[in-house]
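**Q** Before I ask anything, here is the structure I am working with.
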Amino acid sequence: MAVPDVTALLDDLDRDGYAIRPSVLDAGEVEALRATLAPLLESTPTGRNPFEGYRTRRVYSPLAKTRALDDLVLSPWLEELANRLLGPHTLSSVLAIEIGPGEVAQPIHHDDGAYPLPRPHPEVVFNTMWALDDFTAGNGATVVHPGSHRWDSPHPPAGAEPVPAVMPAGSVLVWPGSTVHGGGANHTDQPRLGLVIEYVAGWLRQHENIQASIPVDTARHLPGRLQELIGYHLYPDFLGFVDGRHPRKVLDHPIAEPDPSQVGTGSTQ
């Protein structure tokens with residue numbers, strides 16, 4: 001994996017509200033990710049509403065289904081970027097998105113729209129889209145409204161036009177949660193596959209409850225930093241504790257179950 005310059009990325013994000021870096025993954029890394037996701041996609045139905053896309057398949061909770069994404073999620077440059085944009089943070093969502101032939105454009109949105117924060121505000125979300133196919137203007141490349149991270153309202157002003165994030169397979173698109181964007185329409189006869197890795201400030205609820213999606217027995221054997229990223233962490237100083245302890249300690253020393261013989265034995269007289 002190539003390592004993008006984080007300072008240059010931050011400059012681009014500040015100026016444009018998004019940044020593209022080509023050739024971060026080499027062809028072998030792209031193919032390995034595609035091979036990992038292929039069986040998961042085969043068992044995944046298409047979307048249930050216009051936002052998900054009726055001709056789009058979304059593999060939710062892949063960290064509960066494969067360990068092949070761990071190294072990518074734990075990339076040091078992503079960690080540095082998240083720290084500099086958000087401070088202490090967790091993963092908000094990880095999912096694969098395959099936009100199928102004939103899919104229409106997704107409604108535009110901003111990823112921090114789930115949080116009732118007035119605009120403008122310090123960034124609380126940042127997102128990455130990893131191209132596992134070539135992203136083109138015709139096959140559903142993510143579309144981005146340049147400069148929308150500075151808009152007072154997430155609604156595009158008159159005349160504002162989004163631009164497609166055209167990029168070859170192996171590239172990554174990065175944008176903050178305030179940037180207005182959406183999945184593009186796929187006018188081709190081939191699907192377009194991308195992988196989303198999204199981060200959120202540690203004091204906010206994740207978009208996806210990743211911690212609950214991964215069995216405790218699986219979480220117990222994850223790398224320590226990945227345990228923290230999925231939710232076994234404290235936001236300074238004590239936000240997120242479990243039974244008065246750091247939540248990661250629960251993985252090694254679970255809270256004792258109550259004795260069933262002592263439950264519900266109180267007198268009803």
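The values are calculated or read from the model by the stated rules, or taken from the named source; none is laboratory data. Computed from a predicted model, the values in this text were never measured in an experiment. Note that we place each Cβ from the backbone using ideal geometry, even for glycine, and neighbour counts take in every protein chain shown.
**Q** Can you name the residue in the range 89-108 that is assigned to a strand (DSSP E or B) and over 14 Å from the mean Cα position of the chain (by Cα) and, of all such residues, is nearest to Leu239 (Cα to Cα)?
**A** This residue is Glu98.
**Q** Return yes when Gly102 is at positive phi and touching a Leu at 6+ places or on another chain (Cβ under 8 Å) and no when it is not.
**A** Considered against the rule, which asks whether it is at positive phi and touching a Leu at 6+ places or on another chain (Cβ under 8 Å), Gly102 comes out as no.
**Q** Which count do you get for residues in the range 214-250 that are among the β-branched types (Val, Ile, Thr) and crowded, with 17+ Cβ neighbours inside 10 Å?
**A** 3
**Q** Here is a further query. Name every residue in the range 1-29 that is more than 21 Å from Ser178 (Cβ to Cβ) and within 18 Å of the chain's Cα centre (by Cα), in order of residue number.
**A** Result: Val24, Leu25.
**Q** Only one of these is closer than 18 Å to Gly113 by Cβ and within 18 Å of the chain's Cα centre (by Cα): Glu208, Glu228. Name it.
**A** The conditions single out Glu208.
**Q** For the range 68-88, how many residues are assigned to a loop (DSSP other than H, G, I, E, B) and in contact (Cβ under 8 Å) with a residue 60 or more places away in the chain?
**A** Selection size over the range 68-88: 5.
**Q** Still on this structure, I have one more. Return the total of residues in the range 144-188 being among the small types (Gly, Ala, Ser) and free of Cβ contacts under 8 Å to residues at least 12 places away in the same chain.
**A** Final tally of qualifying residues: 2.
**Q** Please state which one of Val172, Val143, Val166 is crowded, with 20+ Cβ neighbours inside 10 Å, touching a Ser or Thr at 6+ places or on another chain (Cβ under 8 Å) and not basic (Lys, Arg).
**A** On inspection, the qualifying residue turns out to be Val172.
**Q** Also: Kindly list, by first and then second residue, each pair from a residue in the range 235-247 that is closer than 17 Å to Val200 by Cα to a residue that is among the aliphatic types (A, V, I, L, M) and assigned to a loop (DSSP other than H, G, I, E, B), limited to pairs with Cβ atoms under 7 Å and residues at least 6 apart or on different chains.
**A** Listed by first residue and then by second, the contacts come to Gly240/Leu234.
**Q** Identify all residues within the range 119-138 that are under 11 Å from Ser178 (Cα atoms) and either without any contact (Cβ under 8 Å) to a residue 60 or more places away in the chain or not polar (S, T, N, Q) (or both); write none if there are none. If you could, list the steps in order and put the result at the bottom.
**A** Here is the first cut: in the range 119-138, the ones under 11 Å from Ser178 (Cα atoms) are 119-127.
If the condition is that a residue be under 11 Å from Ser178 (Cα atoms) and either without any contact (Cβ under 8 Å) to a residue 60 or more places away in the chain or not polar (S, T, N, Q) (or both), then Arg119, Pro120, His121, Pro122, Glu123, Val124, Val125, Phe126 are the ones that fit.
**Q** In addition: Please state which of the following conditions Val24 fails to meet, knowing it meets all the rest: (1) more than 26 Å from Val144 (Cα to Cα); (2) in contact with a strand residue (DSSP E or B) (Cβ under 8 Å, 6 or more places away or on another chain); (3) among the aliphatic types (A, V, I, L, M); (4) outside any helix (DSSP H, G or I).
**A** All conditions pass for Val24, except number (1).
**Q** So for the range 77-87 (the condition being at pLDDT 95 or above, within 14 Å of the chain's Cα centre (by Cα) and farther than 14 Å from Trp175 by Cβ), does at least one residue qualify?
**A** yes
**Q** Hey, Ala141 hits all of (1) without any contact (Cβ under 8 Å) to a residue 60 or more places away in the chain; (2) within 29 Å of Gly240 (Cα to Cα); (3) under 18 Å from the mean Cα position of the chain (by Cα) but one; which does it fall short on?
**A** Here Ala141 clears every test but (2).
**Q** Quickly run through the range 50-76 and pick out the residues that are closer than 30 Å to Asp189 by Cβ and under 13 Å from the mean Cα position of the chain (by Cα).
**A** Arg58, Val59, Tyr60, Ser61, Pro62, Leu69, Leu72
**Q** For the range 126-241, give me every one of the helices (runs of 4 or more DSSP H) that falls completely inside it and has 3 or more residues that are modelled with pLDDT of 95 or more.
**A** 224-230
**Q** With respect to Leu33, is the statement that it is touching a Leu at 6+ places or on another chain (Cβ under 8 Å) and either of a type in the set (Ser, Thr, Tyr) or surrounded by fewer than 19 Cβ atoms within 10 Å (Cβ to Cβ) (or both) true?
**A** No.
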